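What follows is one structure encoded as structure tokens, with my remarks underneath.
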Protein chains: 2
Amino acid sequence: MAMPVDLSHHLSTEARLRQPNPMKAIWKLTRRKPNMVSLANGDPHFSLYPIRKVEFEMASVAEEDPVATWRRGGPSAPCHKLASSTHEPCALPIQTGLQYSHGAGLPDAQRVVTELTNYYHAPSDHICTLTLGNSDGITKCFRLLGEPGDHFIADEFSFSSMTNVPLSQGIKWVSIKMDEGGMIPEELERVLAEWNPERGRRPHVIYLVPCGQNPTGSTLSLERRKQIYAIAQRFDLIIIEDDPYYFLQYDSPDHPTTALSTPFSTSFLSLDTDGRVMRIDSFSKVFAPGMRLGWITSNAFFHEALVTYTDSSTMHPHGFGQMLITEMLAPHGWQLSGFDRWVRSLRAEYHRRRAFFLDLFQREVAPTQLARATVPEAGMFVWIRVEIEKHPRYRADRRMQSRDVTAPRTNVKELMEELFERCLDGGLVIMPASVFALSADPKYDDMEDPVEDRLNYLRATFAGTEEAMEQGLTILGQVLREFFTEEQK
Amino acid sequence: MAMPVDLSHHLSTEARLRQPNPMKAIWKLTRRKPNMVSLANGDPHFSLYPIRKVEFEMASVAEEDPVATWRRGGPSAPCHKLASSTHEPCALPIQTGLQYSHGAGLPDAQRVVTELTNYYHAPSDHICTLTLGNSDGITKCFRLLGEPGDHFIADEFSFSSMTNVPLSQGIKWVSIKMDEGGMIPEELERVLAEWNPERGRRPHVIYLVPCGQNPTGSTLSLERRKQIYAIAQRFDLIIIEDDPYYFLQYDSPDHPTTALSTPFSTSFLSLDTDGRVMRIDSFSKVFAPGMRLGWITSNAFFHEALVTYTDSSTMHPHGFGQMLITEMLAPHGWQLSGFDRWVRSLRAEYHRRRAFFLDLFQREVAPTQLARATVPEAGMFVWIRVEIEKHPRYRADRRMQSRDVTAPRTNVKELMEELFERCLDGGLVIMPASVFALSADPKYDDMEDPVEDRLNYLRATFAGTEEAMEQGLTILGQVLREFFTEEQK
């Protein structure tokens, strides 16, 4: 497996120790001769599966705007049936789809995600490995690369379901400051350049959500992506590009009324000449989260290591999802053009939802002048800045009082906790920034402007129902008014 | 969570370090008030899933012998359609089944496997956690319990796809001698009692396949199970009971012609009064391997730890399998009685296959007097002893020659490698014992009778087609004859 750049030193001890499943070598021998007879495998014969057909009633994509037609039509909307079957012709028959298969996925299913990846990203020399969804994929990357004592890099506000994962491996996070455009490349460079070796080896892994970042909704510009990639090359980083919102990219907030003409942004994978990007894709946001199916696109060497790991853990992705995507891209299915029509129509739908949310925000929250919404260019989240400095009990002299030069300067944290409780009392659950904040290490990090003083944000989604948005933002406006005037309900 | 016996000290460092997903605490708050509005979760609305129905064409279980009817009938066999749908009534609708869910599985799906577990095992006080199949379940147990430097216990011939798993965690295996009845309890006790602390801490985990053990096909008698459980209590072991062949139990070889009247054997889970058994179940052998769905039954404390681990790795099982099993056990589905009829009919089918295999063996291999088949009481494998002592080049004086008192006494290993190659040349793939053998540690283990001298076994399956069995055993008989007379083809 040729890699443009040798990146094998990034593998964790565990990944190096991992041996291929010894039975696999034997299974491969069944292919040594054309008519090899096998008594080797405990594979139940497909005639003993109690399932002979799985049929998916999918949306029709023949329409101009398939998502709108599908939603409006409900049970009578035109549909496109896809099926895997034992006895009827199909792209991935039951006897293959529901048998034991390969860690990377069945060749037919792997071809589907490869075709999608090539179409949208045209990677230089990468291979796709199916996963059981984003979470499974990212977890496997962390295991593949992380050593106890390592530091990984992420945005200072990051998706905590994921940043929580490697902590039990003994890995710590180093956070990089963000602005409205996401991670600030100069900050990343500074942290790496000034790395103190006493702290452990310099970080070699960076975790990023480039489009509609979770929780801030920010999207990295092409310029920033190029800068970050160059830094990754200079400091020999592996980039884990977690991009579930790739297909949900909207027009820039400066031109909010234009048609959705913006092309999808250039991914890190597309920029990757070295093989140092591991891109994580998922069907959760464009199809359904319960599918638990996704894929990793990586260099061939990491691909092999991922397959070996999968052989020794989840074994292989489930057949149902592989059937669905294989039939979907088959000539009798949606095909690639149909998938593209679906995701473009879906982004129009979310674009509509974003507008609906922002209009409501303008009506219910903005007039308070106590919070501002950042307009996201992608994803499902609006990052709301609470103008906490206006609160009568806001204090910025805490550090002076405590005489600890690394302590927070303000009481933002406490006030935001109060606000969160007030929201709950008012009947609204909204995500507080504190859940996503990665704390700095006072011993090594720049504590001039600690994240604890910037917790005055809330993450709200426009993925739910219009009713939830209506009610939720009305409550938020009301609670803010009461909280800032210290009225008790 | 009350445990009859405190077993919390068995958790690995990693499991102790693992924190619950911080976002979960927020999600739970949505239940604090009856009409809580949530803007918290990035959950795509179900009206945006391009799937409104998943239909499974399942076997009808109304028949006396549903498996036979299903196989004979092919595409025209009576079927039982089950479906999860957005708009039509069903047990697990699409909007729930394909949404994000819980690490332990959706409550409805969890109830299904709990009902099955209670019916067959009536555990004293255990909880079921859904998994992505046996391999995923066992891997998670190993991670939960294993520390680098630990030793785990297994049969001297064990399923190497699984024993391979924890090696990368820095865990070693200690093998226990077996006879035709499986693991010998006295040997287990001896190894534990004589444990040399220089070797590390005494093993605290034992991995067992109690029915139709893979690869030897042996089944532990109730007597042995009770002995092993008592030893586990005395030496504080956690038992990982991997039991995929539970439903494939046949009559004892002494009464091979009786109807399948034998009740299913008493599992370790049924015997477990302390909460020290983690039982691993799977739908792979009774439904289809590609389903990748199974479950772990454990005490409540381990259950919580497994859920926390799942939240931080695979997230939750896929919706398709959960839909299938939930609809299957619903009033409009097979129900528990139908599932029971299916598995009993399935065991009759495998019983017939076992007889077919053994008849063929009698005809094609036994007359050579160069191999003997052990009749398995469960599972899908026949363990074939090759009478290697009859080979003209067999030697038992190797140890004398090598002057190494821990070396193998014989050249069994080399001869079996030759035989395996001859089988391949003849067009047959069959599993050699060497793939399953756990080597002893010459520094500490009893090397009187090393496993290397007992590699003269082959694992053959009767799960495949009759044609494969016919051809395979014919080749085996022929190859044995040639190999033992040193004829070259």
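The values are calculated or read from the model by the stated rules, or taken from the named source; none is laboratory data. All of these numbers come straight from a predicted model, not from anything done at the bench. Cβ coordinates were reconstructed from backbone atoms using ideal geometry, including for glycine residues, and neighbour counts include every protein chain displayed.
Only strands (runs of 3 or more DSSP E) wholly contained in the range B:368-476 count here; list those with 3 or more residues that are within 30 Å of the chain's Cα centre (by Cα), within 22 Å of B:Lys177 (Cα to Cα) and among the β-branched types (Val, Ile, Thr).
Where strands (runs of 3 or more DSSP E) fall fully within the range B:368-476 and carry at least 3 residues being within 30 Å of the chain's Cα centre (by Cα), within 22 Å of B:Lys177 (Cα to Cα) and among the β-branched types (Val, Ile, Thr), they are B:381-386.
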Report summary line: Over the range A:284-321, the set of residues closer than 22 Å to A:Asp243 by Cα, part of a helix (DSSP H, G or I) and touching a strand residue (DSSP E or B) at 6+ places or on another chain (Cβ under 7 Å) is A:Ala300, A:Phe302, A:His303, A:Leu306, A:Val307
Query raised in the report: For the range A:127-145, how many residues are crowded, with 23+ Cβ neighbours inside 10 Å and not in a helix (DSSP H, G or I)?
Result: 6
Query - Total residues in the range A:289-304, condition of a type in the set (Gly, Ala, Ser) and surrounded by fewer than 24 Cβ atoms within 10 Å (Cβ to Cβ) - result: 1
**Report entry** B:Arg201 assigned to a loop (DSSP other than H, G, I, E, B) and either more than 18 Å from the chain's Cα centre (by Cα) or among the basic types (Lys, Arg) (or both)
**Finding:** yes
Report summary line: Apart from one, (1) closer than 24 Å to B:Glu187 by Cα; (2) in contact with a Pro (Cβ under 6 Å, 6 or more places away or on another chain); (3) surrounded by 17 or more Cβ atoms within 10 Å (Cβ to Cβ) all hold for B:Thr406; the odd one out is (3)
Query raised in the report: Which one of the conditions (1) within 26 Å of B:Asn41 (Cβ to Cβ); (2) out of contact with any helix residue (DSSP H, G or I) (no Cβ under 8 Å at 6 or more places or on another chain) does A:Arg190 fail to meet, given that it meets all the rest?
Result: (1)
**Report entry** Every pair of residues 6+ apart whose Cβ atoms lie under 7 Å, when the first sits in the range B:293-306 and is at pLDDT 95 or above while the second is aromatic (Phe, Trp, Tyr)
**Finding:** B:Leu293/B:Phe283; B:Gly294/B:Phe283
Query raised in the report: Within the range A:239-249, can one find any residue that is at pLDDT 95 or above and either more than 19 Å from the chain's Cα centre (by Cα) or among the β-branched types (Val, Ile, Thr) (or both)?
Result: yes
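Working only within the range B:281-315, note down all residues that are away from every other protein chain (no Cβ under 13 Å) and under 18 Å from the mean Cα position of the chain (by Cα).
Within the range B:281-315, B:Asp281, B:Trp295, B:Ile296, B:Thr297, B:Ser298 qualify.
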Query raised in the report: Which condition breaks for B:Val429 when tested against (1) away from chain A (no Cβ under 14 Å); (2) touching a helix residue (DSSP H, G or I) at 6+ places or on another chain (Cβ under 7 Å); (3) crowded, with 19+ Cβ neighbours inside 10 Å?
Result: (1)
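Here is a yes/no grid of residues against (1) crowded, with 22+ Cβ neighbours inside 10 Å; (2) modelled with pLDDT under 95:
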site	(1), (2)
B:Ala348	no, yes
B:Phe356	no, no
B:Val365	yes, no
B:Ala373	no, no
B:Lys390	no, no
B:Glu421	no, no
B:Leu424	no, no
Requested in this report: Of all residues in the range A:193-213, count the ones that are in contact with a Lys or Arg (Cβ under 8 Å, 6 or more places away or on another chain) and either within 14 Å of chain B (Cβ to nearest Cβ) or within 25 Å of A:Gly137 (Cα to Cα) (or both).
Outcome: 1
Query - Subset of the range B:81-94 (residues that are of a type outside the set (A, V, I, L, M), under 30 Å from the mean Cα position of the chain (by Cα) and crowded, with 19+ Cβ neighbours inside 10 Å) - result: B:Ser84
Query raised in the report: Which of the residues spanning the range A:139-161 are closer than 23 Å to A:Asp453 by Cα and among the aliphatic types (A, V, I, L, M)?
Result: A:Ile153, A:Ala154
Query raised in the report: Of B:Ala122, B:Ala154, which residue is away from chain A (no Cβ under 12 Å), aliphatic (A, V, I, L, M) and closer than 27 Å to B:Met178 by Cβ?
Result: B:Ala154
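For (1) farther than 30 Å from B:Ala355 by Cα; (2) in a loop (DSSP other than H, G, I, E, B), each residue gets a yes or a no:
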residue: B:Tyr207; (1), (2): no, no
residue: B:Pro210; (1), (2): no, yes
residue: B:Asn214; (1), (2): no, yes
residue: B:Thr219; (1), (2): no, yes
residue: B:Ile228; (1), (2): yes, no
residue: B:Ile231; (1), (2): yes, no
residue: B:Ile240; (1), (2): yes, no
residue: B:Pro244; (1), (2): no, yes
**Report entry** Filter result for A:Gly379 (surrounded by fewer than 20 Cβ atoms within 10 Å (Cβ to Cβ), within 13 Å of chain B (Cβ to nearest Cβ), on the phi > 0 side of the Ramachandran plot and at pLDDT 95 or above)
**Finding:** no
Report task. Within the range B:146-168, track down each residue that is of a type in the set (Phe, Trp, Tyr) and either farther than 12 Å from B:Val205 by Cα or surrounded by fewer than 20 Cβ atoms within 10 Å (Cβ to Cβ) (or both). Result -> B:Phe157, B:Phe159
Query raised in the report: Does A:Leu98 fit the bill of being more than 30 Å from B:Gly426 (Cβ to Cβ), at pLDDT 95 or above and not small (Gly, Ala, Ser)?
Result: yes
Query raised in the report: Looking at B:Asp108, is it of a type in the set (Asp, Glu) and more than 9 Å from every other protein chain (Cβ to nearest Cβ)?
Result: yes
Report task. Starting from residues that are within 14 Å of another protein chain (Cβ to nearest Cβ) and crowded, with 18+ Cβ neighbours inside 10 Å, keep the ones in the range A:436-454 and report whichever is farthest from A:Arg347 (Cα to Cα). Result -> A:Leu438
